[in-house]
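Notes follow once the structure below has been shown.
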């Protein structure tokens, strides 16, 4: 594949990721519902919030407020300081006193916000309460408390300074009176001139102090003007029910998607065809549709042209054209763990091979709990009983409808199944067919429960692994690959079964696996073929694919 084909896989990967998330749609729905409930609870418990606004222009203390340059540098206003004063506990205490409330001033401060727009001498008071009238009353109380506090503080500072200057002025006035009497009593001379000079200096000091006192008393102590009064707001400032529900839905949806993603990451089961191929190192031969209730084990040739029967025929057709299978005369059907569909796959593949024209021997190598003879339409065949030898025992004929029949070697409980399956008699059964068109299909118990399947795989049989898409785990497939390849067997592929439709609650919490297809450089999956019965196998004239199958056995798309 060239580098120009790589971006074409990105939409498939995105779709696969979305499918992985939506498999756990219960988490997404639960998060959405919880978010909606949370938004509704906030609206009910918190209630509406009203915000009233008041605006004040702050004035500096000045002797000439209407003249340019009337404010000295030491009397310039620091709006940061004024903002801190407006939010102080003293102002809050004044507001509580004005409203005659016994509420702690610290409690009143919580819902007050004071801001200063840039490049202005304006303070913006905002107060939030559970009612419009209370918000208006409190914001106005804070505005008046701030102005009162600032004006009282300025007046107090002026009064203190005037008092200090007055204390300095009193002894000077008394001293001037003494000098006035001395000058009046003196008749002239050097003493009188000295007293008059001292009096002139004293009068200058008194005039300076009196000027300073007069200047302080003339200061404008107005703290500021109210530009906007805090009227009761007509609408609540808090989000309404619709906005809270929308925010809750968005937040809940995000949490639900996050929970679904975590669940998808921690999922131990295989959740796509690509997962099966990655862990089993083999292609997927076919995907069986869901089984309907009441269907028999043998579906090929007996249940009409159903989807499952056509899927079995497609898998058999591909196996007949697989070069890896053409080199062996036996086929092992096995499942990783307990899966009744392994029996169904073995029986129906045997029926499909019989339709094509092969002589098929179906061997039930489950020597612990055999059950196949009771579930198939049998009639006695030509028996070749050998006492004590199960592998050379009696064979029964299975009626596969009008399309043909095949032989069955039913299982039989034996004391040591592993020894029987490793015996020379069983090896001859697998590797020495009675005719050129005879093939042996073997089905054993779960591979990870017993070693019976390994005893068959080491005889050189090609292995088909049957996986339940709802139950099989990645670790199980890795273990199956290690065991079969370690025993000398080779895996031809996997057959995926959708199983039966699960309970409604399970379908809600787990939407099932995805079926993302791979690129052309990776093994392909096989889907169900159209309802056309395969005829005899065509000559393998096409090129051989990457997975060992010829080009004629490419997946059929239906």
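The values are calculated or read from the model by the stated rules, or taken from the named source; none is laboratory data. This structure is a prediction, so every number in the text was calculated from the model and none was measured. With ideal geometry, Cβ positions are generated from the backbone for all residues, glycine too; neighbour counts draw on all protein chains shown.
Looking at 134, 199, can you tell me which residue is outside any loop (DSSP other than H, G, I, E, B) and farther than 30 Å from residue 98 by Cα?
Values: 134 fails: farther than 30 Å from residue 98 by Cα.
Exactly one of 134, 199 is outside any loop (DSSP other than H, G, I, E, B) and farther than 30 Å from residue 98 by Cα, namely 199.
In this structure, is residue 376 in a loop (DSSP other than H, G, I, E, B) and modelled with pLDDT of 80 or more?
Criteria met by residue 376.
Among the listed residues 259, 373, 282, 352, which satisfies the condition of being over 14 Å from residue 493 (Cβ atoms) and in contact with a strand residue (DSSP E or B) (Cβ under 8 Å, 6 or more places away or on another chain)?
Working: 259 fails: in contact with a strand residue (DSSP E or B) (Cβ under 8 Å, 6 or more places away or on another chain); 282 fails: over 14 Å from residue 493 (Cβ atoms); 352 fails: in contact with a strand residue (DSSP E or B) (Cβ under 8 Å, 6 or more places away or on another chain).
Residue meeting the stated conditions: 373.
Of all residues in segment 345-372, how many are free of Cβ contacts under 8 Å to residues at least 60 places away in the same chain and either part of a strand (DSSP E or B) or over 50 Å from the mean Cα position of the chain (by Cα) (or both)?
The qualifying residues number 1.
Considering only residues of segment 173-186 that are loosely packed, with under 15 Cβ neighbours inside 10 Å and in contact (Cβ under 8 Å) with a residue 12 or more places away in the chain, which is farthest from residue 204 (Cα to Cα)?
Only one residue fits best here, namely 180.
When segment 455-472 is examined, which residues are found to be part of a helix (DSSP H, G or I) and crowded, with 23+ Cβ neighbours inside 10 Å? Lay out the reasoning, then the answer.
Our first condition is that a residue be part of a helix (DSSP H, G or I); within segment 455-472, this holds for 455-457.
If the condition is that a residue be part of a helix (DSSP H, G or I) and crowded, with 23+ Cβ neighbours inside 10 Å, then 456, 457 are the ones that fit.
Among (1) over 24 Å from residue 373 (Cβ atoms); (2) touching a strand residue (DSSP E or B) at 6+ places or on another chain (Cβ under 6 Å); (3) modelled with pLDDT of 80 or more, there is one condition residue 272 misses while meeting the rest; what is its number?
Checking residue 272 against (1) over 24 Å from residue 373 (Cβ atoms); (2) touching a strand residue (DSSP E or B) at 6+ places or on another chain (Cβ under 6 Å); (3) modelled with pLDDT of 80 or more, the one that fails is (3).
If I filter segment 309-325 for residues that are surrounded by fewer than 20 Cβ atoms within 10 Å (Cβ to Cβ), at pLDDT 85 or above and in contact with a helix residue (DSSP H, G or I) (Cβ under 6 Å, 6 or more places away or on another chain), do I get at least one hit?
no
Among 81, 53, which is the only one that is at pLDDT 90 or above and not in a loop (DSSP other than H, G, I, E, B)?
Residue meeting the stated conditions: 53.
Spot the failing condition for residue 262; the list is (1) exposed (fewer than 14 other Cβ atoms within 10 Å of the Cβ); (2) touching a residue at least 40 places away in the same chain (Cβ under 8 Å); (3) more than 30 Å from residue 130 (Cα to Cα), and only one is missed.
So residue 262 meets the others, but not (2).
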